Amino acid sequence: MRDGYKQLAETVRQVEELRSESGIDRASVFNLQDLSFQTSLPKADIRQLLDGERVESPRSGPDELARRIAFLRETRLTTDKGTGSRRQYTTAEIAAGSGMTPQWHGKLLNRSTPNIWHGAGLAKFFNVPMEYFTHTPPEAVKRVLDSNVIPDLTAFLNIPSEAVKNRHAMQIQLRLGDKELPPNLETALMAFVDAITQEGSGP
């Protein structure tokens, strides 16, 4: 039975070749923070997987499903309409948005059922693929490399009109990944970029 380790090793080799050709540093390409965000895996496990090592297998079905759902709740935040601050979605909001009752969502989080009948609804609500709930650790990392990293690097190398042309800008893009910045950090980042652009244009 395939466990995904061999396939991940081949994908890592492919990414390394593209990275070497692009001149982008390894930390930016293999962004542990973003890979963790996309897979729910600890950064230490991802580092081991990228180095070709095996990691501990996930826990039992109900426990692992509950952990992955809890990770989504902790990392995919919404903006409170009243205060403007970032917060976790409530159980009622998740249930309504994913087509289940609050009681059923509670059962998933309490590990009382291994059923992922509402997995498609949860995936759509949190904007993750259905495989997020089912992939093994090596399969999860390979999925992100295949769907995000390789296309970005390939576009950077082969289709400049559709990619970030500056190597350092690409490193920033890869490091940020899909992370959603709080408004104050987003404003600060854009101000910093504007300052660099103005300095670079010169008189």
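A full extension of the chain between LEU157 and GLN33 corresponds to an added length of 42.3 nm, given 0.36 nm per residue minus the alpha carbon distance. Protection proxy ranking, highest mean first, for peptides 79-90, 10-21: 10-21, 79-90, where packing is the per-residue count of other beta-carbon atoms within 10 Å, averaged.
Every number in this text was worked out from the coordinates using simple rules, so none of it is lab data. It should be emphasised that the depicted structure is a prediction, and the values quoted were computed from it without experimental measurement. Quick reminder, even Gly has a Cβ in these numbers, built from the backbone with ideal geometry, and neighbours come from all protein chains shown.
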